[in-house]
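Shown next, in structure tokens, is the structure this report addresses.
The values are calculated or read from the model by the stated rules, or taken from the named source; none is laboratory data. Model, not experiment: these values are computed from the prediction. Because the Cβ atoms are built from the backbone with ideal geometry, glycine has one as well, and the counts that use them run over all protein chains shown. All accessible areas refer to the heavy atoms of the entire protein, side chains included, with ligands and DNA or RNA removed. Shrake-Rupley method; radii C 1.70, N 1.55, O 1.52, S 1.80 Å.
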Amino acid sequence: MDNASKTPLWLTASALYVSALLASVFAFVIICAADGLLEGGATLFTSVWAPEGGSFGIVPMIAATVVISLSALALGWCVSLGCVCFVHGFGGSFASALLLSLLRVMTAVPTVVYGFASVFLLVPLVRDGLGGSGFCVLSAVLVLSLLITPTMALSMESAVAQTEEICRLAAASLGLSRAQNLVFVVLPACGRWLRASALLGFGRAAGDTMIPVMLAGNAVQYPLSPLSAVRALTAHIGLALSSDVGSSAYYSLFVAGGILLLLGAGANLLFRFICGGKDGK
């Protein structure tokens, strides 16, 4: 084997280190989640959260996590796709460049800033316009969709820009406008990357802690309406760690962490299954 084709030792060591670190984290979470299941038993998968009475039901938190994440993903993905279409087919050059710059700036804004601003701007609007406390599923979904939009939009934009450059001459020879090239050629060719951005956004939404803690209301109940106050799994972990370390409900945190880990792994496996063998489609 040629020396130039050999992997440098430091790269191999880095890969082994990262792999071992991730494997240890995964093993720790899964083992602790299994121990939590043994300790909590059937009470973990009920609808009642009453630690003082020996009930540690986290099913409403699981439902809240799924509803908030999928709702934010659906809204944020549509907005992201709209931004990409504006940049690469329907907007002027100056406005497109301005929008891209804004999206890049938004990726650097801390999550707590979104949450803090929303407490004083969005929550009163929801409360005065729709009723309730304003700390609810709707508020969390709106802000989470805003949070994940820049990440998904920039991921889509990168793939669309590369594909557009490849197809540019062919589209021009066929007399297609830039918008027609985007709609009929580029977007269908980027289907795999559009789905990949959705997976990225879902993981970002499901794993965020600050927005659910600050805006969802933190009530352990099912999300029966957009105005319901709920508690997501990430919020549960953050709140319990800050106040209940060592309590009888402590092991439910590990189960919540294990569920979040399995949720992320399941989303990745589903994406690989959907996109398997469909290069660029």
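Give me D for the chain in µm² s⁻¹, whole number, from Stokes-Einstein with Rh from the Kirkwood sum over alpha-carbon pairs, 10 °C and 1.306 mPa s. The partial results should precede the final answer.
Details: Rh = 21.3 Å.
It comes out at roughly 75 µm²/s.
Which residue, Thr234, Thr209, Thr43, has the most motion in a Gaussian network model of the chain that connects Cα atoms within less than 10 Å?
Among Thr234, Thr209, Thr43, the largest GNM mean-square fluctuation belongs to Thr43.
Amide H to amide H, which residues 5 or more places from Asp208 or on other chains are under 5 Å from it, using H placed in the peptide plane?
Sorted by chain and number, the residues that satisfy this come to none at all.
Determine the share of the chain's accessible area contributed by carbon and sulfur atoms, expressed in whole percent, with a 1.4 angstrom probe.
In the chain, the share of accessible area belonging to carbon and sulfur is 71 percent.
For Trp49, what residues show an amide H to amide H distance below 5 Å, using hydrogens built from the backbone and excluding near sequence neighbours?
When sequence neighbours closer than 5 places are left aside, the close amide H contacts are Gly57.
Top mean-square fluctuation among Thr12, Thr46, Thr163, Gaussian network model of the chain, C-alpha springs under 10 Å?
Its mean-square fluctuation being the largest, the pick is Thr12.
What whole-number value in Å² describes the accessible area per residue of the chain for a 1.4 Å probe?
In whole numbers, the chain has 53 Å² accessible per residue.
Given springs between every Cα pair under 10 Å in a Gaussian network model of the chain, which of Phe120, Phe86, Phe254 has the largest fluctuation?
Phe120
Report the normalised scattering of the stretch 57-172 as log10 I(q)/I(0) at q = 0.12, 0.20, 0.24 Å⁻¹, calculated by the Debye formula with identical scatterers on the alpha carbons.
Treating every Cα as an identical point scatterer, log10 I(q)/I(0) equals -0.55, -1.11, -1.31.
For n ≥ 4 DSSP H runs only, could you compute -39500 (n - 2.57) per run for the chain, divide by its residues and tell me the 222 nm figure to the nearest 500?
So the calculated ellipticity at 222 nm is -23500 deg cm²/dmol.
What are the DSSP H helices in the chain that stretch 27 Å or more along their long axis, judged by alpha-carbon atoms, and whose average Kyte-Doolittle hydropathy comes to at least -1.0?
Helices meeting the criterion: 9-40, 59-85, 137-173, 251-275.
With a point put 7 Å past each Cα toward its Cβ, work out how far Gln221 is from Ser177 in nm, to one decimal.
Label at Gln221, label at Ser177, 5.1 nm between them.
Quick one: go through the stretch 185-207 and flag any residue whose amide nitrogen is under 17 Å from the point 7 Å out along the Cα-to-Cβ line of Phe273.
Within reach of a label on Phe273, which here means backbone N under 17 Å from a point 7 Å along Cα→Cβ, the stretch 185-207 contributes 196, 199.
What's the local net charge at Arg178, with K and R +1, D and E -1, over the other residues with C-beta under 14 Å away?
So the surrounding residues net to -1.
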